[in-house]
Structure formats: structure tokens, C-alpha cells
Amino acid sequence: MSSDQAAVSEVTPVQLAVVESVAPHLRHNPYDSYEVLRAAGPFVPGPHDTQLVTGYAQAQAILLDPHWSHAEEPDLLHGDSDVELPGSFLWMEPPDHTRLRGLVGKAFTARTVTGLTERAHTLVEDLLTRILAAGEVDLLEALAYPLPLTLICELLGVPPEAHEQVRLMSAGIARGLDPDLLLSPDELAARTTAVHEFTAFFGDLVRQRREAPRADLISALVQAEEAGVRLTHSELIGTLLILVVAGHETTVNLIGNGVLALIRNPDQFERLRADPELAGPAVDEVLRYDAPVHLTTRTAHAEITVAGRTFAPGDAVIVMMAAANRDPAAFADPDRFDIGRYTPGRKTERHLSFGLGLHYCLGAPLARLEMREVLHAIACRVGRLTLLEEPPYRPNVVVRGMSELRVRVEGL
């Protein structure tokens, strides 16, 4: 036996599952690897001296505990990078996190999102009319990209002619959120370019809104104030970066994953068609079943014991939220797509796809609105969905999704 063969033979199934859980050629199905990792115990050694957390109870406990910090993620995943991702409240802890989230929350209110309902409905109806006329489309290009991209750009105040530019910058940054060790030199360079372009583009918009405010979110963020303190220019750019990427890239994947789940589970599609009001609960089931964001990190800021294991200050974990969402200890028949799982009165654990605690996703209401409108429109207007070919997946690990979804869409 050669030394290479011996090295391969010494790899355990759990070690192999760690590698396969992030392997580009297995992005279409990381869930088999997640199952192996869950079965191995509450904590599995991961990269950068981290522990992987795949169980629901442990993931929930860590996300809810403020003694676990999110602030170290840039250094943990991008420590060797020569470009700084603009800072935002996403990677901060109190008191800065409290200050910034409070300022952003004043501009990004539930009332603002509710006010987008009619616009979201109109956009979905128009896009679906075009899709039905075409018959066969790439659903990502025809629906999943234009809906959230248009809404977040209109909300921010990005001119229509620049929407595609924002999409390209967003894609480069979303790929760059993956750990640097998983990125090629070309991908690292593309992230650097995207960050610089984003900073310049939105920096110009911020300066324009300081001079001449408009009725848009950038103006509201510029003017937002809490106890006499405003967002600095750097904080503004970092916040806009997160709003764009989280408010666009993740929802693209949410829509794509939801439509694919309906195609592969025709009984659930028929159930939705029979009762379009199930669109609301179905959003949460899509989020649980095939989450757009698969992982996040936390670093202990105190001595903390979870599931019998004690972590010292500075110890880091990678919380595999998408794995926890399919933990059979928390969810009955977790690998089954059930659009009624979250109907009112039916007891089930909440999914972790929007996070928990301090860092619960600020854009969750907008994502829910967009996905609900999509599912409701499909239920009311589409008679048949057919997958034309198995969809290819992008290599992204953190923000996971397809690169194409070719389908035939037939009306009623």
C-alpha cells in the first residue's frame, strides 16, 4: 500500500462527511453528510480549531446565548484576506450592535415592509404572466432574481439602470462570504473587486442623499439618529452591504428552493393549489427544509457549557443551521417536505434559518413577504410545474443555491 493509499484509508466516515459537507460537487445534497455529522455527536472537529454543531438543541442554545459572539467571524473565516469586508452590526456585539441595529431598525420598520405588500404582489403577478407566456424558463432569471433585486433596490433608492450592477456586486460578495480556504485565487480577487465597487457605488449614493434626501431607505439611514449618534460613513456602507446581500441573494435561493421542493413533492403542490392560504406556513417549511443560509459562527466570550462540553473563552463553533433544521430529535420526519408543518395550532419547533437572539435576521419580514406572494400566486395561477433538467448548483457554502432552474410552467 502506498503512503497516499494509507492516508486515504485512515480517513474516518465522520472526517469524510466534514469534507463532503462543503464539497462543490455535493452542493445539490449536503444533507446526507449532515446526517453523518449529527450521528457522530453534539460536536465534531471542524476547520480552524472549531467545533461543528449540527444538533438542534445545541445550535439553539448557542444562538440564544449572548455570551457567544458573532464579532469574530471575519477573522475566523477571512483572517488571511487582504481586503476588509465593510463592518456592519451583523458582526458586532453590544453596545455597538445595540446602537446600530436600533438606528437601522428605525428606517427598516415593519410598517415599511408592510407598505411593500402591494408592490411585491404586482411584481410577482407581472413576472408570472411573462413566465406563463414563455412556458419554459430559467426560473431563477425569470422570477427568483428580479423580484427581490427590484424590491431591495427600490427600497434603498438605487436607480433602475443600476440594478444589474448591484446584482453582480452582490454575487461576488455572497461567494466571498465562504471561508477563504474554500475560495480560489480568482474568487478572492473577484470579492476584492466587488467590495471596492460596492463601496464606491453606494458611497456616491450616500453622499447624494446627504445633500438631497429622498423618500428611500438610504436617506432614512443617513438621517437615522439615536441619542444624538448617527451612523458613520463606514457603518452605513457596511449596513447597506448586508441589506443588499441578505435582502437579495438569500431570497433568490429561498424562492428557487421552494419551487424545486414543490416540483419534487407534487402532493404538496396539489395541497397548496387546493388551499392557497397555506402559502404562509409553507414559507417556514421551505426555510426549514432547504435553508438559503447554511451556517454561521460563534466564539465564546466566557466559559460556557453546552451539552456537557465546556468551552473556554476564545473557543469557536460553526453552527450548521441547515443541519439542525433536519434534526430528528426536534422535527418529526425531518426529511419530509410538509407545507402544513407550521400551520397555526400545530406544535413544531421553530426553524433556525433566520437565526435567533441578538442576531435574528432584520430582513426576515421582507423575505417572508416575497416568498408568500410567490407561493400564493403559483397556487392560484399555475396548473403544472415540470423540471426540465437537474439544476446545477453554485459552489457557495454559506449562502447556498442553484445557478439555474429550468422549468416548464403551465397555467390553469
What Kirkwood radius, in Å to one decimal, follows from the Cα pairs of segment 258-412? 17.3
Say R0 is 45 Å: what FRET efficiency, to the nearest 0.05, do Glu161 and Thr310 get from their beta-carbon distance? 0.20
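Determine the calculated [θ] at 222 nm for the chain from helices alone, applying -39500 (n - 2.57) to every DSSP H run no shorter than 4 residues and normalising by the residue count; nearest 500 deg cm²/dmol.
-15000 deg cm²/dmol
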Residue by residue through segment 272-278, which ³J(HN,Hα) values in whole Hz follow from phi under the Karplus form 6.51 cos²θ - 1.76 cosθ + 1.60 (θ = phi - 60°), with glycine and proline marked x? 5, 4, 6, 9, x, 5, 6
Provide the gained length on full extension for the span Gln223 to Cys380, in nm with one decimal, where the gain is 0.36 nm per separating residue minus the Cα-Cα distance. 52.4 nm
So, in nm, how far is label Val11 from label Leu181 when the simple model puts each one 7 Å beyond its Cα toward the Cβ? 1.4
For Asn396, other-chain or 5+-apart residues with amide H closer than 5 Å (H placed, Pro excluded) are Gly401
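Readers should treat all values here as calculations from the given coordinates under stated rules, not as data from a laboratory. Values in this document were obtained by computation on a predicted structure and should not be read as measured data. Because the Cβ atoms are built from the backbone with ideal geometry, glycine has one as well, and the counts that use them run over all protein chains shown.
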